[in-house]
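> Structure below; questions to follow.
The values are calculated or read from the model by the stated rules, or taken from the named source; none is laboratory data. Bear in mind that the values here come from a model prediction, so they are computed numbers and not experimental data. Don't worry about glycine lacking a Cβ; one is built from the backbone with ideal geometry, like all the others, and counts go over all protein chains shown.
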Amino acid sequence: MEISKTYSPQDIEKKWYRYWEDAGYFAPKGEGKPFTILIPPPNVTGILHIGHVLNNTLQDVVVRYHRMKGEPTLWLPGVDHAGIATQNMVEKELAKEGTTRHEIGREELLERIWAWKNEKGNIIIDQLKLLGASCDWNRQRFTMDEMLSRAVKEVFVSLYEDGLIYKGKYIINWCPRCVTALANDEVEHADEEGKLWYIRYPYADKSDRYVVIATTRPETMLGDVAVAVNPHDSRYKELIGQELILPLTGRSIPVIADDYVDKDFGTGCVKVTPAHDPNDFEIGRRHDLPQLLVMDEYAIMNEEAGAEFAGLSRYQCREKVLELLQQQGLLEKIEKHEHAVGHCYRCTTSIEPYLSDQWFVKMQPLARRAIEVVENGKIRFQPARWTKVYMHWMNNIRDWCISRQIWWGHRIPAYYCENCGQMIVAKEAPERCDKCDSRRLRQDEDVLDTWFSSWLWPFSTMGWPDDTPDIKRFLPTQVLITAPEIIYLWVARMIMSTLHFKDVIPFDTVLLHGTVRDDLGRKMSKSLGNSPDPIDIIDRVGADALRFSMIFNTPKGADVIYSDAILETGRNFTNKIWNAYRFIMMNIEGIEGLPQREELELELADRWIYSRLAETTLEARNHYENLALNDATQAIFHFIWNDYCSWYIELAKDRLKEDAGSSSRLTAKYVLLDVMQASMRLLHPIMPHITEEIWQSIKELFPLPEEALIVAEFPEAKDADMQPAIRDEMALMQESISAIRNLRKQVNLPPATLVKIVAKTADDAQNALFEAYQGYFNRLARVETIESGKDVEKPKPAISAVVRNIELFLPLSGLLDIEQERERLQKQIDKLEKDLTGIKKKLDNQNFIQNAKPEVVAKERGKYSEVKTKLELIQEQLQDLA
RNA sequence: GGGCGUUUAGCUCAGUUGGGAGAGCGCUUGCCUUACAAGCAAGAUGUCGGGGGUUCAAGUCCCUCAACGCCCA
């Protein structure tokens, strides 16, 4: 068989993905308690970015692990219609064609978006497949599917009937470019260098007196309905109740007192503009002030602003207002002022607080149980610190503005009678007004916030409101894996909705992972242009290498610093595995008269590698269970690379050369194959493709009961395989071999030169071990003969080393640089003496002897004699040099 | 303004009940040893951010200061 020297993942990854998908392995199989993960649905507009890679790799690893444990496993996939984002995208296309959504109208825009969705909406799904994601694609959902739309309407009507949805006037965050309301969470705040203008408002009594107010937004003064001061501000006591003249408008406005006013801000006098500032809105409510709207939805000044301002943008208006105030001598001074300004999370336009009719969900009644289930541990966050973040938000929850003034989304199921104004909320469009019987009904123009469909994800995807078999079987799900940014937007709301409508928790564990950042610590984002294209990476190194590298570098919940450099670890590892496999295939055509494992004649290396395999299996299992995926990765990586490749394979080489049919040869072949196939099981969740390829190939030589690795059993560690005594014997061999290699290096012996070694051992067991496994020294340290014994004569001249209580000598026939050797030994002596002093100090301390745990004291004593022995032996060697 | 997180080898980061400082990459030296140079072998490298405290014992617990980052208002 011809196997290439370097691993090329492209064909292999595609081949096995197709195989799994065609064979239906992604669907839940079997009986028992299922394991379910809900995908955080990516935007239908999306293309895969590095953050998706992290999120979906973590999910796939967990899903594959549980599938291998034999649980009926479901990873339920889907995409989100992403209201504003998607509409924006299509609107951009319209702009290129020189038209707008208002010109083509609602119907046509929706047709365009659906066409766009059908054409490009599956891109991200296809990309997830390239990553190896083992979702059950037959269950793929879309938030605007018939099934999910039905759930949305059902929920809206139900909440409305329960009084949990209401319509109200409210000051909301408004994006004048997207022409829509934004939820608080959709507004991004950034500190900006602005100005504070001090403006004089004259008294209405025609005296020359005036008060000075400070504002960051002079254009909104046109909507002022009052000036407010703090009631405890002694400077303005007599001002309260007075009337002022609002400059540029001539309107008369009152001075009121309100605790909200900060005495130290500006002059302590503030203008009150209820229709254009959220705090002023609250003040206005408390004082029953009118709400004077002076801008339209595009942030263009309207007639109420006055004829000379109408039609100006908010920025043009500001210029004009300032200019006129200046002319009239009413602008007292200007100061620099840094303040936070809100921006639209989509288009970064400055948001405008805006008064309008909106729909709201009352959140407090829903939050109560969602708090309980986290308090009593039914739902756990990992890492646990996110619990506090969740609780803080839930305990201060505000009503949720769910209406959006766009067209793409679930339209609000509210209808208005054109005749009598009656409002009807219903799942199906009513034919007649239930009050006046008119047929002239008009549906609410607004659509629902995108999150209003995704907060129903745990049950809407399973067919709710019908009581489907899937709901019975898979709800509640187990683990939700997502980013902490959407704890409020999504996670908390799913907990509330699922408790409210299904009376169960949606999942029991929430794993929050970090953000992917670049090497400067900046979040990877399209706008910064610092995000690599994952598909390009997959083309270069393969999905397995990418997955491995991400997880290897991602401790639970921590941010990942990504740079292309981390990919090397994964790529090199795939290549390492590939070559180990290649070596096996080059040497093993098959196993003649395949023995049972019990019949094998296992030698030290065999027993040792099985023992290490068992330890690694146990570790991997624990780490997978605890979602400590990077720990699992590290353990398996270390086992395959260091234990299996560097030691076991190297030691097996000589045995493979032995006569065909010899017991040692047969055993080595068996163990090579067996440990390899078991390693592939451990690694499969992380690197699914290469492991399947190798495992399937081994299956042709070696009996394996399952038909595919993806559904093969995840190994369990057997206690009997973990043999500390064997480990210790092998460790002594390894330490000795390394010491000899080190000696060789000291005198720069070429690799081809064979050496004779003399070992002065301390007991017979050591002699027996060295005797029995001379071959190990020969293969791994190029040792021709090793003469060992308790009373061997120390050769001279020689360089030497100490392993535990054994002295190793490499005799030198030629010249020995005595000075250099003396220096080397002295360095070791210095180090050991320092160690010994430290240990002695501890043991001489009565407090330590009395207070420390007995096993710690015993350990310290053992260490003392060990170090002391070694020290004495090296000192002896130093003397012998002279 | 409030909350959270981070600070360990040149870089990116592990380090779970306090008890001999680790990985990957990088670096030095020697090797094309027929599985792998994307490799092998041998090495060097840390006042565990500063200060204080608890303890026989602190990277690990407590207090404090500093720098950086994130979230919320």
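> Among all residue pairs at least 6 apart or on different chains, which show Cβ distances below 7 Å where the first residue, located in region A:161-172, is over 17 Å from A:D444 (Cβ atoms) and the second is assigned to a strand (DSSP E or B)?
Filtered contacts from region A:161-172: A:L164/A:V361; A:I171/A:P353; A:I171/A:Y354; A:I171/A:L355.
> Just need a number here: residues in region A:73-122 that are surrounded by 17 or more Cβ atoms within 10 Å (Cβ to Cβ), modelled with pLDDT under 90 and of a type in the set (G, A, S).
Residues in region A:73-122 being surrounded by 17 or more Cβ atoms within 10 Å (Cβ to Cβ), modelled with pLDDT under 90 and of a type in the set (G, A, S): 4 in total.
> Among the residues of region A:640-663, what is the count of those that are farther than 20 Å from A:T554 by Cβ and buried (at least 17 other Cβ atoms within 10 Å of the Cβ)?
Of the residues in that region, 9 qualify.
> Considering A:A580, A:A614, which residue is within 23 Å of A:I686 (Cβ to Cβ) and near RNA strand B (Cβ under 8 Å from one of its atoms)?
Only one candidate qualifies: A:A580.
> Follow-up question, since we're still on this one. Answer yes or no: is there a residue in region A:835-849 that is out of contact with any helix residue (DSSP H, G or I) (no Cβ under 6 Å at 6 or more places or on another chain), in a helix (DSSP H, G or I), touching a residue at least 24 places away in the same chain (Cβ under 8 Å) and near RNA strand B (Cβ under 8 Å from one of its atoms).
Scanning region A:835-849 turns up no residue that is out of contact with any helix residue (DSSP H, G or I) (no Cβ under 6 Å at 6 or more places or on another chain), in a helix (DSSP H, G or I), touching a residue at least 24 places away in the same chain (Cβ under 8 Å) and near RNA strand B (Cβ under 8 Å from one of its atoms).
> Is it true that A:W608 is of a type in the set (F, W, Y), touching a helix residue (DSSP H, G or I) at 6+ places or on another chain (Cβ under 9 Å) and under 19 Å from A:Y776 (Cβ atoms)?
yes
> Would you call A:T837 touching a strand residue (DSSP E or B) at 6+ places or on another chain (Cβ under 7 Å) and loosely packed, with under 15 Cβ neighbours inside 10 Å?
no
> Within region A:33-56, which residues are in a loop (DSSP other than H, G, I, E, B) and in contact with an Asp or Glu (Cβ under 6 Å, 6 or more places away or on another chain)?
Selection gives A:P41 alone.
> Check A:S313, A:S350 and return the single one that is under 21 Å from A:V294 (Cα atoms) and within 16 Å of RNA strand B (Cβ to nearest atom).
A:S350
> Could you list, in sequence order, all residues of region A:187-236 that are charged (D, E, K, R), modelled with pLDDT under 85 and either in a strand (DSSP E or B) or crowded, with 22+ Cβ neighbours inside 10 Å (or both)?
A:E188, A:D191, A:E192, A:E193, A:K195
> Here is a follow-up. A:A605 - would you say it is surrounded by 20 or more Cβ atoms within 10 Å (Cβ to Cβ), more than 30 Å from A:D508 (Cα to Cα) and more than 9 Å from RNA strand B (Cβ to nearest atom)?
Yes; evaluated as a whole, the condition is true for this residue.
> Condition first: within 30 Å of A:R571 (Cα to Cα) and part of a helix (DSSP H, G or I). Can you find one or more residues in region A:711-724 that meet it?
There is at least one residue in region A:711-724 that is within 30 Å of A:R571 (Cα to Cα) and part of a helix (DSSP H, G or I).
> Filter region A:494-512 down to the residues that are in contact with a Lys or Arg (Cβ under 8 Å, 6 or more places away or on another chain) and assigned to a loop (DSSP other than H, G, I, E, B), then identify the one that is nearest to A:K153 (Cα to Cα).
A:I505
> Also: Taking region A:460-475 as the search range and keeping residues that are assigned to a loop (DSSP other than H, G, I, E, B) and either aliphatic (A, V, I, L, M) or in contact with a strand residue (DSSP E or B) (Cβ under 8 Å, 6 or more places away or on another chain) (or both), which one is surrounded by the fewest Cβ atoms within 10 Å (Cβ to Cβ)?
A:L475
> Which ones in region A:301-332 are in a helix (DSSP H, G or I) and touching a strand residue (DSSP E or B) at 6+ places or on another chain (Cβ under 6 Å)?
Across region A:301-332, the qualifying residues are A:C317, A:L325.
> Got a sec? Which of A:L878, A:L832 is more than 13 Å from RNA strand B (Cβ to nearest atom) and surrounded by 14 or more Cβ atoms within 10 Å (Cβ to Cβ)?
Selected residue: A:L878, the only one of A:L878, A:L832 that is more than 13 Å from RNA strand B (Cβ to nearest atom) and surrounded by 14 or more Cβ atoms within 10 Å (Cβ to Cβ).
> Limited to region A:617-633, what total is found for residues that are more than 12 Å from RNA strand B (Cβ to nearest atom) and either of a type in the set (K, R) or touching a His at 6+ places or on another chain (Cβ under 6 Å) (or both)?
Qualifying residue count for the region: 1.
> Looking at A:W16 and the list (1) within 25 Å of A:T477 (Cα to Cα); (2) among the hydrophobic types (A, V, I, L, M, F, W, C); (3) touching an Asp or Glu at 6+ places or on another chain (Cβ under 6 Å), which single condition is not satisfied?
Evaluating A:W16 over (1) within 25 Å of A:T477 (Cα to Cα); (2) among the hydrophobic types (A, V, I, L, M, F, W, C); (3) touching an Asp or Glu at 6+ places or on another chain (Cβ under 6 Å) leaves (1) as the failure.
> Report, by residue number, each residue of region A:858-867 that is near RNA strand B (Cβ under 9 Å from one of its atoms) and either touching a residue at least 12 places away in the same chain (Cβ under 8 Å) or part of a loop (DSSP other than H, G, I, E, B) (or both).
If the condition is that a residue be near RNA strand B (Cβ under 9 Å from one of its atoms) and either touching a residue at least 12 places away in the same chain (Cβ under 8 Å) or part of a loop (DSSP other than H, G, I, E, B) (or both), then A:E860, A:K863, A:Y864, A:E866, A:V867 are the ones that fit.
> Taking region A:533-577 only, how many residues are closer than 16 Å to A:N55 by Cβ, near RNA strand B (Cβ under 7 Å from one of its atoms) and at pLDDT 90 or above?
0
> With within 30 Å of A:R380 (Cα to Cα) and not basic (K, R) as the only criterion, which of A:E619, A:E650 stands out?
Among A:E619, A:E650, only A:E619 is within 30 Å of A:R380 (Cα to Cα) and not basic (K, R).
> Restricting attention to region A:267-300, and to residues there that are assigned to a loop (DSSP other than H, G, I, E, B) and within 39 Å of the chain's Cα centre (by Cα), which single residue is surrounded by the fewest Cβ atoms within 10 Å (Cβ to Cβ)?
Top of the filtered list is A:Y298.
> Further question: Considering only helices (runs of 4 or more DSSP H) fully contained in region A:594-664, which possess at least 1 residues that are among the polar types (S, T, N, Q)?
A:604-625, A:629-638
> Now a separate question. For region A:369-419, which positions are assigned to a helix (DSSP H, G or I), aliphatic (A, V, I, L, M) and away from RNA strand B (no atom under 13 Å from the Cβ)?
The answer is A:A370, A:I371, A:V373, A:V374.
> Report, ordered by the first and then the second residue, all pairs with beta carbons closer than 7 Å, sequence separation of six or more or different chains, a first member in region A:741-766 that is in a helix (DSSP H, G or I), and a second member that is of a type outside the set (A, V, I, L, M) and within 11 Å of RNA strand B (Cβ to nearest atom).
That search, which allows pairs on different chains as well, returns A:Q746/A:R824.
> Right, something else. Going by what's in this entry, would A:K718 be described as at pLDDT below 95, crowded, with 17+ Cβ neighbours inside 10 Å, closer than 29 Å to A:L58 by Cα and more than 15 Å from RNA strand B (Cβ to nearest atom)?
Taking the combined requirement at face value, the residue does not satisfy it.
> Next question. Might you let me know whether region A:7-26 holds any residue that is surrounded by 17 or more Cβ atoms within 10 Å (Cβ to Cβ), within 16 Å of RNA strand B (Cβ to nearest atom) and not in a helix (DSSP H, G or I)?
Within region A:7-26 (the criterion being surrounded by 17 or more Cβ atoms within 10 Å (Cβ to Cβ), within 16 Å of RNA strand B (Cβ to nearest atom) and not in a helix (DSSP H, G or I)), the answer is yes, since at least one residue qualifies.
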